[in-house]
Amino acid sequence: MDGLTGNEAVVMRNVCKDFKVLNRHEGLKGSIKDLFSRDYKTVSAVKDVTMTVNKGEIIGYLGPNGAGKSTTIKMMTGVLEPTSGEILVNGKVPYKNRTENCENIGVVFGQRSQLWWSLPLIESFKLLRDLYMVPQKDYEEMIDLYRSLVDIEPVLHKPVRQMSLGQRTLSDILAAFLHNPPVVFLDEPTIGLDVSMKSKIRELILGLNKEKNTTVILTTHDMGDVDALCRRIVIIDKGMKIYDNDIDHLKNYFGSYRTLKLKLADDTWEEMLIDEKTTDVMDVIMAKQKESKIKDVKILEISTEEVIKKIYEGSAK
Amino acid sequence: MRKRGLGFYASIYRKILIQDLKSKMSYRADFVISTFGMIMTNLAGFVTFMILFHNFPTISGWDYDHMLFLYGFSLVALTPVQCFFDNNWNLRFQVQSGDFIKYCFRPVNVFFYFMSEVFDVKGLGQLAFGIGTIVYAWIKIGIPVTPLIIAKLIVFLLTASLFMIALMNFAAATCFWIKGSGYVMVIMFRFKDFAKYPSSIFQGIFSVIFTFIIPIAFIAYYPSLVILTPDNVPLLSWISPLFGILFFYLSYRFWMLGVRKYDFTGS
C-alpha cells in the first residue's frame, strides 16, 4: 500500500464485505422450495470503509446494532476475508496468514470467554504463554505489571467457571494482553458489569495502553467507556463510515446544542434538545409557560451519549 | 517467524491434557459415575454379542473366537476417536451459538486447538476392554506371537482408527453448512456398530456402500483380516493404511473448508 508513514497499526482502504443470503419463502411449501432454491440476495454488511488507526491510539468504534461493527472486527482479526478493499494490521494482510496475525493481536469478545473453562486463571496464563511462545522473562514482567495495575490475587487461582462476570471479563482482558500484542480488539468489554467493575476495567485498559503503547480498538454501546478511554471515535451505520474525528471536535460540532429540562405543574420533567443557533432557549421556555406552570428549569450541556444519538438519528434520515 | 512444528503441538497437547485430567479428578462423583457407566456400556455390548452367538454359532463362516477378535479389534480401533476427537460432538453447538469464533484467534491450527480442548477419559476403559478381548481371542485362535504380527496389528489398528476419526470429522463438519447435523453425527456413530461384524454378511449394494461410500468395513473387517487370515488377505486390506491416511486427510480438509466457509454472522 502507498502513502504509509509506518506509524499505522491498522489501515483499511475501501473495504467492503457482502454476504449471500438465501431468499426464504413462507410456509411449508416455501421451505421445500428453499431446499432447492438458488435464489440468493446480496447483503452488504460493510460498504467502502476507509480508516487508519495509529500506534498507541485507543479508538472507539461505534454504531447502532447491526451497523457492521463485528464484521469489521472479524475482518481485521483475519477471520473473515473482505469482498473487496485492502486491510493491513501491523503491516500485514490479516486473512492471508491468520496464524501470524493472531500472534500480533489480542481479542476480547465481551461475554464470550476464551479461557479454559475448568482451569484456574494462572494455568490458562501458562498455557497461553506456551501457545504464543512468550519468553519466561517477558511473561513474568507482564504478570508483575498486572499486579501493579489491578488486584489479580482473588482471580489468579480460581477456575474460570466459578468466576463472576466481572472477574471473567477482567481475566479475559488480562489474557488478551499477555503476549504483549501491538493491537488489541475489545468488543463490548464492560457489557453487563456493575459501576465499580466498569471503572476498574477502564483503568486497567488505560494503564496497559500507557505502559505498553498498545493500540486498542474498542466497540461499545456504553458512552461511559468512550468518555473514559477514547480520544477519537469512528462511527459506522448501515456499513458506512459516518463520522471519524476527535471526541472534542464532536462536542464542538454539537456545542450549540443544549438539553433543556423543565419541571411542569404535575412534577414531571420534560426534556428537549435545542440547537441554540436556530432556536432561542428563552422562547421555548416562554412558549411552554403559556401551556403550564413551570416549577424549575435546568439547562445542561450535551452529553456524549446524546451527541452519538444525534449522529445515529441523523444518518437514519 | 518462529516455527510451530510437530514437537510444539505435542508439548502443547500434553500440557493441556495434564491440566484437563487434574481438573477432571477434582469432580470425584462425576469421575466415578462416568467410569461406572463406561463399564456398564461395555458389558451390555458384550452381553448382546454373547446372546447373538448363543443363537448363531457362526456368522458368515466366522466362528465365535474370530468374531470375538473382530469385536475387540473394533473396540480398540474406536478408542482414539473417543479419547481425542470427542469435541466433534460439541462442534455444532459452538458453531450455532457463535462461540466457535474463539478458536480462530489463537496462533495455532484451528482443528488442533478445537480437539485439544476435550480428552475423554471414558475411552481408556474401552481400550482396556478391547485389549483384553483381543488377547483372549488371540490365545483361543492360536495366532503366533511374533514381532512382525504385533507390528502389523498396531499398523492396522491405527488404520482402522483413522477411518473412524475421518467419518466423525465429515459428519461433524456438516454443521458448517446445515442445521440438522446432529442427525448426521448420530447416524454415523450408529454405523460403527456394523463394524463389529464381518463385511461378508453385507450383500450387493450394501457391501459397496459400506466399503467405498461410508467405509465402515475398514474400521475392523479389512484391517483385521491381515491378522486372522494371513494366507488369504484381500488387496483392499493391504492398501487400507493408504486409504486411511487419505480419508483422514480429506476429512481434515473438509473440516477446515467448513471453518473458512462459515460466515460467523451475528455477534
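Given A:Ile233, A:Ile274, which one is touching a residue at least 24 places away in the same chain (Cβ under 8 Å) and not basic (Lys, Arg)? Walk me through it before giving the result.
Numbers: A:Ile274 fails: touching a residue at least 24 places away in the same chain (Cβ under 8 Å).
On inspection, the qualifying residue turns out to be A:Ile233.
Among A:Ser118, A:Ser148, A:Ser124, A:Ser113, which is small (Gly, Ala, Ser) and away from chain B (no Cβ under 11 Å)? Can you show your working first?
Working: A:Ser118 fails: away from chain B (no Cβ under 11 Å); A:Ser124 fails: away from chain B (no Cβ under 11 Å); A:Ser113 fails: away from chain B (no Cβ under 11 Å).
Just a single option satisfies the conditions, and that option is A:Ser148.
Considering only residues of the stretch A:72-84 that are more than 8 Å from every other protein chain (Cβ to nearest Cβ) and under 22 Å from the mean Cα position of the chain (by Cα), which is nearest to A:Gly6 (Cα to Cα)? Give the derivation first.
Our first condition is that a residue be more than 8 Å from every other protein chain (Cβ to nearest Cβ); within the stretch A:72-84, this holds for A:72-73, A:75-76, A:81-84.
From what is left, the residues that are under 22 Å from the mean Cα position of the chain (by Cα) are A:72-73, A:75-76, A:81-82.
Working: A:Thr72: 22, A:Ile73: 21, A:Met75: 21, A:Met76: 18, A:Glu81: 23, A:Pro82: 23 Å.
Within the stretch A:72-84, the match that is nearest to A:Gly6 (Cα to Cα) is A:Met76.
Of the conditions (1) surrounded by fewer than 21 Cβ atoms within 10 Å (Cβ to Cβ); (2) without any contact (Cβ under 8 Å) to a residue 24 or more places away in the chain, B:Ala217 clears all except one; give me its number.
Just one mismatch for B:Ala217, condition (1).
Conditions: (1) more than 14 Å from every other protein chain (Cβ to nearest Cβ); (2) under 18 Å from the mean Cα position of the chain (by Cα); (3) buried (at least 20 other Cβ atoms within 10 Å of the Cβ). A:Asp187 meets all but one. Number of the miss?
Of everything listed in (1) more than 14 Å from every other protein chain (Cβ to nearest Cβ); (2) under 18 Å from the mean Cα position of the chain (by Cα); (3) buried (at least 20 other Cβ atoms within 10 Å of the Cβ), A:Asp187 misses just condition (1).
Here are B:Leu21, B:Leu52, B:Leu68: which of them is surrounded by 11 or more Cβ atoms within 10 Å (Cβ to Cβ), more than 14 Å from chain A (Cβ to nearest Cβ) and out of contact with any helix residue (DSSP H, G or I) (no Cβ under 8 Å at 6 or more places or on another chain)?
B:Leu52
For B:Ser224, are the conditions met, namely being open to solvent by 30 Å² or more (accessible area, probe 1.4 Å), among the small types (Gly, Ala, Ser) and under 27 Å from B:Thr48 (Cβ atoms)?
On the way: open to solvent by 30 Å² or more (accessible area, probe 1.4 Å): no; among the small types (Gly, Ala, Ser): yes; under 27 Å from B:Thr48 (Cβ atoms): yes.
Spelling it out, it is not the case that B:Ser224 is open to solvent by 30 Å² or more (accessible area, probe 1.4 Å), among the small types (Gly, Ala, Ser) and under 27 Å from B:Thr48 (Cβ atoms).
Tell me, which helices (runs of 4 or more DSSP H) lie completely within the stretch B:1-105 with 2 or more residues that are free of Cβ contacts under 8 Å to residues at least 40 places away in the same chain and under 27 Å from B:Met188 (Cα atoms)? Even if it seems obvious, please write down each step before you answer.
Numbers: elements: B:6-25, B:28-55, B:64-77, B:79-84, B:88-97.
Where helices (runs of 4 or more DSSP H) fall fully within the stretch B:1-105 and carry at least 2 residues being free of Cβ contacts under 8 Å to residues at least 40 places away in the same chain and under 27 Å from B:Met188 (Cα atoms), they are B:28-55, B:88-97.
Going by the structure shown, is A:Gly224 among the small types (Gly, Ala, Ser), in a helix (DSSP H, G or I), in the same structural domain as A:Met76 (by TED's automatic domain parsing) and without any contact (Cβ under 8 Å) to a residue 40 or more places away in the chain?
Working: among the small types (Gly, Ala, Ser): yes; in a helix (DSSP H, G or I): yes; in the same structural domain as A:Met76 (by TED's automatic domain parsing): yes; without any contact (Cβ under 8 Å) to a residue 40 or more places away in the chain: yes.
For A:Gly224, the condition - among the small types (Gly, Ala, Ser), in a helix (DSSP H, G or I), in the same structural domain as A:Met76 (by TED's automatic domain parsing) and without any contact (Cβ under 8 Å) to a residue 40 or more places away in the chain - is met.
For B:Lys179, only one of the following conditions fails: (1) in a loop (DSSP other than H, G, I, E, B); (2) free of Cβ contacts under 8 Å to residues at least 24 places away in the same chain. What is its number?
(2)
If a residue has to be open to solvent by 50 Å² or more (accessible area, probe 1.4 Å) and within 19 Å of A:Glu276 (Cβ to Cβ) to count, how many in the stretch A:293-302 make the cut?
Step one: list which residues in the stretch A:293-302 are open to solvent by 50 Å² or more (accessible area, probe 1.4 Å), which gives A:293, A:295-301.
This time we only want the ones that are within 19 Å of A:Glu276 (Cβ to Cβ), so: A:297-301.
Selection size over the stretch A:293-302: 5.
The values are calculated or read from the model by the stated rules, or taken from the named source; none is laboratory data. None of the values given here were measured: they were computed from a predicted structure. Glycine also receives a Cβ, built like all others from the backbone with ideal geometry; neighbour counts cover every protein chain displayed. When the accessible area is computed, the model is the full protein with side chains, heavy atoms only, and any ligands, DNA or RNA have been set aside. Shrake-Rupley method; radii C 1.70, N 1.55, O 1.52, S 1.80 Å.
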